[in-house]
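Only one structure is covered here, and it is reproduced in the block below.
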Amino acid sequence: MKITTILILAVLLSSLNLNGQNRIIFGRVISEYLEPLPGLDIENSDNVILGKTDMDGFFKISIPQETDSLLFRYVGMEWTDIRLKKDCDTVEVVMMYDGTYDFMTSKKIDRLRKKRFDKLLTVHSEAVRNGLFKNNNICYDRDFKADKPDLDRISRELKEFGKINKNDFKDLNIGDIVKIPFGLDTSKKRISTNYSPCRNCTDEDYDYVIKGKIINKHRRKLILEIKITEMQPYDSLEYRGKILNVGSDFKYEMKYFEVIIDK
């Protein structure tokens, strides 16, 4: 009786110990053009980084037994979210490039993305034939995520922002003082970014702000011609190939970009 009880306890303890152990996941990540992706972030559903790929796109991570999803993030690629199946210990993933689709509707963009997504299984098989992957069998689930809802939301927000900017533009007069926010590439002393959109922001919310007087307005593209009255701490900066300093004038398109108006 004692021996039987001891055996049962041993089995239970062994089972608890196994359940408490982490599982080891091996794998590799490549692009849809069969390029290894080095330095890629692998995260859990809470966006905690679990590991990175090496220079050849390989990785080895340790995750809790209950973890059933992984997120792969890489600059220039669409984020890839997968759900692990039971006993899945080898994960080989093909990622799609984050393409640029100019002058297309969100519906057409998703149609083109879905077409590329549907080819990933073929790319996976090609990677096996070329020795990049080991297994044809994929032990995780992966769904296509449409961008249309997000793109439609962004479009609505930009339209609303454009309406507000249009009203602000109408209220501005020649001679008014405004502040133009920019991002800076300080290593080359040049303006690298126009900021948009930001409502109710102050000077402190931006890398750099140029103060100037409106000397002309062009309604068609909501363009302001600005003569600089203040730019600290720099004496001069490069903007679109032109050197700006106090007394210089430049054109700024207000249709899409923020202007700080002190009221």
What's the magnitude of the charge dipole for the range 168-253 around its Cα centre, counting Lys and Arg as +1 and Asp and Glu as -1 at the beta-carbon? Answer in Debye, nearest 20. 480 debye
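Would you list 75, 29, 209 from fewest to most Cβ contacts within 10 Å? Spell out each step's value before the answer.
Numbers: 75 9, 29 22, 209 19.
Final ranking by Cβ density, sparse to dense: 75, 209, 29.
Determine by what factor the alpha-carbon radius of gyration of the chain differs from 2.2 N^0.38 Å, reporting the quotient.
Details: Rg = 27.4 Å, N = 263, 2.2 N^0.38 = 18.3 Å.
Dividing the Cα Rg of the chain by 2.2 N^0.38 Å gives 1.50.
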Would you mind ranking 235, 152 so that the residue whose beta carbon has the fewest other beta carbons within 10 Å leads the list? 235, 152
What FRET efficiency, computed as 1/(1 + (r/R0)^6) with R0 = 22 Å and r the Cβ-Cβ distance, is obtained for residue 243 and residue 207, rounded to the nearest 0.05? 0.75
Give a residue-ordered list of calculated ³J(HN,Hα) values for the range 111-116 (Karplus: 6.51 cos²θ - 1.76 cosθ + 1.60, θ = phi - 60°; whole Hz; x for Gly, Pro). 5, 5, 5, 4, 4, 5
Under 1.5 on a/c is rounded, so check that first for the range 201-263, then, if it is not, pick prolate when a/b is larger than b/c and oblate when it is not; a ≥ b ≥ c are the square roots of the alpha carbon gyration tensor eigenvalues. oblate
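If you place +1 on the Cβ of every Lys and Arg and -1 on the Cβ of every Asp and Glu, how big does the dipole about the Cα centre of the chain come out, in debye to the nearest 20? Walk me through the intermediate numbers first.
Numbers: 45 positive and 42 negative charges, 204 e Å.
With Lys and Arg at +1 and Asp and Glu at -1, about 980 debye.
Loop-only check: which chymotrypsin sites (Phe, Trp or Tyr not before Pro) in the range 89-124 are DSSP coil with at most 11 other Cβ within 10 angstrom?
Numbers: sites: 97, 101, 103, 117; in loops: 101, 103.
Those that pass, being in a loop and sparsely packed, are 103.
Looking at the range 27-99, which trypsin sites (Lys or Arg not before Pro) are DSSP coil and have at most 13 other C-beta atoms within 10 Å of their C-beta?
On the way: sites: 28, 52, 60, 73, 83, 85, 86; in loops: 85, 86.
For trypsin sites (Lys or Arg not before Pro) across the range 27-99 that sit outside H, G, I, E and B with at most 13 neighbouring Cβ atoms in 10 Å, the list reads 85, 86.
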Please list, ordered by chain and number, the residues whose modelled amide H lies under 5 Å from the amide H of residue 244; skip anything fewer than 5 residues away on the same chain. 237, 238, 239
Evaluate the distance, in nm, between pseudo-label points positioned 7 Å from the Cα of residue 114 and of residue 220 along their respective Cα→Cβ axes. 4.0 nm
With the calculation restricted to Cα positions, what are the radius of gyration and Dmax of the range 22-146 in angstrom? 14.5, 48
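Please report 72, 26, 169 as a ranked list, fewest other C-beta atoms within 10 angstrom at the top and most at the bottom. Display every interim value, and only then the final one.
Working: 72 22, 26 13, 169 17.
So the ranking, lowest neighbour count to highest, is 26, 169, 72.
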Please give the net charge around residue 113, taking every other residue with its beta carbon less than 14 angstrom from that of residue 113, where Lys and Arg add +1 and Asp and Glu add -1. +2
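No value in this document is a laboratory result; all are computed from the given coordinates. Please read all numbers here as calculations on a predicted model, not as lab measurements. Please note: Cβ atoms are built from the backbone with ideal geometry, for glycine as well, and neighbour counts cover all protein chains shown.
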